[in-house]
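Remarks on the structure that follows.
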Amino acid sequence: MTPPPEPIAAAAALAAASSGADPEPAKRPVWSDEGDAHDGDGGDDGGDDSDGGKSDKNEWVEILKTVAIALFIAILLRIFLFQPFTIPSASMEPNLYEGDYIVVSKWSYGYSKHAIPYSPPLFEGRIMDKAPERGDIAVFKLPSDNKTDYIKRVIGVPGDRVQMINNVLHINGEPVENVVVTGEQVADMFNGQNGQTVTTLRETLPNGRSYQIQDFGPNYSLDNTPVFEVPEGYYFMMGDNRDNSIDSREQSAMGVGLVPAENLIGKAEMILFSWHEGASLWNPVSWFTKVRLDRFFTVLK
């Protein structure tokens, strides 16, 4: 058994005294969270905290590194895999409602500069390009400013001729099949008065894709349009809420017009969460009183 350090130190002092030499002070180990180490001041017992300060600094460095790595991974996921969006308007009713929180797949159509935050001009066109299909719900950058995010349904692909005639969609000269699902009285979206009829129809595109649309009846401004020819590299987009959507039917500076393939961001896949109007991040009570549980994890068609 090793004797305690005090007798050893005393014996060393007596030996030094007998030899006429000055006794050398005993050194003791200093422990840190980096393992076994000696203090730079030679074992002073005066409560020096230099190692503690270094330890705190190292902890902050590790925290910052962890945060940076997490942000880097999140950015990579956002660019290459998924991006979340919230729906701010009624233009895609009855399939998407204001307050829906959706996930968009980024790989579905390949990647352009708009897949990257702030759309840096790193390259032109698309990488791993894959054309969207008629009926896809797509998120894209508004062509007039290349900044604003829009969400609409792909109706016309390159080579198509698209037209609205008496409130019926026509593609390549043929009317698109639609069947009335329901009709109900709602408040007029322009003056708030009751008595306006909104009709839900099931529309089926030539490729067999079927989905519901919402219509407020004839005689709206976009119920009759000229023929729109979709050139190569562009797509024709329409909202499912046909009389309350600014889309490719509107070719003016205030509209959407034809959408370049480069402006596509991704395909809307699923509604993750949904809240009624009035829900607020800063009002936790509204998280429960305004929630739409029936819309959680709804796959989009």
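From K106, K152, which residue is in contact with a helix residue (DSSP H, G or I) (Cβ under 6 Å, 6 or more places away or on another chain), buried (at least 16 other Cβ atoms within 10 Å of the Cβ) and within 25 Å of S210 (Cα to Cα)?
Among K106, K152, only K106 is in contact with a helix residue (DSSP H, G or I) (Cβ under 6 Å, 6 or more places away or on another chain), buried (at least 16 other Cβ atoms within 10 Å of the Cβ) and within 25 Å of S210 (Cα to Cα).
With the requirement that a residue be charged (D, E, K, R), surrounded by fewer than 22 Cβ atoms within 10 Å (Cβ to Cβ) and part of a loop (DSSP other than H, G, I, E, B), what does the range 203-242 give you?
Within the range 203-242, R209, D223, E232 qualify.
From the list S274, S245, S210, S252, which one is without any contact (Cβ under 8 Å) to a residue 40 or more places away in the chain and within 20 Å of I151 (Cα to Cα)? Don't jump to the end; show me each part of the working.
Numbers: S274 fails: without any contact (Cβ under 8 Å) to a residue 40 or more places away in the chain; S245 fails: without any contact (Cβ under 8 Å) to a residue 40 or more places away in the chain; S210 fails: without any contact (Cβ under 8 Å) to a residue 40 or more places away in the chain.
Answer to the selection: S252.
Among the candidates N95, N146, which residue alone is in a loop (DSSP other than H, G, I, E, B), in the same structural domain as V230 (by TED's automatic domain parsing) and closer than 27 Å to K290 by Cα?
On the way: N146 fails: closer than 27 Å to K290 by Cα.
N95 is the lone residue from the list that is in a loop (DSSP other than H, G, I, E, B), in the same structural domain as V230 (by TED's automatic domain parsing) and closer than 27 Å to K290 by Cα.
Take the conditions buried (at least 16 other Cβ atoms within 10 Å of the Cβ) and at pLDDT below 95 and apply them to V180. Does it pass? Before the answer, list the steps.
Values: buried (at least 16 other Cβ atoms within 10 Å of the Cβ): no; at pLDDT below 95: yes.
No; evaluated as a whole, the condition is false for this residue.
Please pick out the residue among V256, V285 that is under 25 Å from the mean Cα position of the chain (by Cα) and assigned to a loop (DSSP other than H, G, I, E, B).
Details: V285 fails: assigned to a loop (DSSP other than H, G, I, E, B).
Within the list V256, V285, the selection yields V256.
So which residues in the range 271-301 are surrounded by 13 or more Cβ atoms within 10 Å (Cβ to Cβ), of a type outside the set (F, W, Y) and farther than 30 Å from F228 by Cα, if there are any at all?
Initially, the range 271-301 is screened for residues surrounded by 13 or more Cβ atoms within 10 Å (Cβ to Cβ), giving 271-276, 279, 286-287, 290-292, 295-296, 298, 300.
Narrowing further to those that are of a type outside the set (F, W, Y): 271-272, 274, 276, 279, 286, 290-292, 295, 298, 300.
If the condition is that a residue be surrounded by 13 or more Cβ atoms within 10 Å (Cβ to Cβ), of a type outside the set (F, W, Y) and farther than 30 Å from F228 by Cα, then I271, L272, S274, H276, A279, S286, K290, V291, R292, R295, T298 are the ones that fit.
The values are calculated or read from the model by the stated rules, or taken from the named source; none is laboratory data. All of these numbers come straight from a predicted model, not from anything done at the bench. Virtual Cβ from ideal backbone geometry, glycine too; neighbours counted across all protein chains shown.
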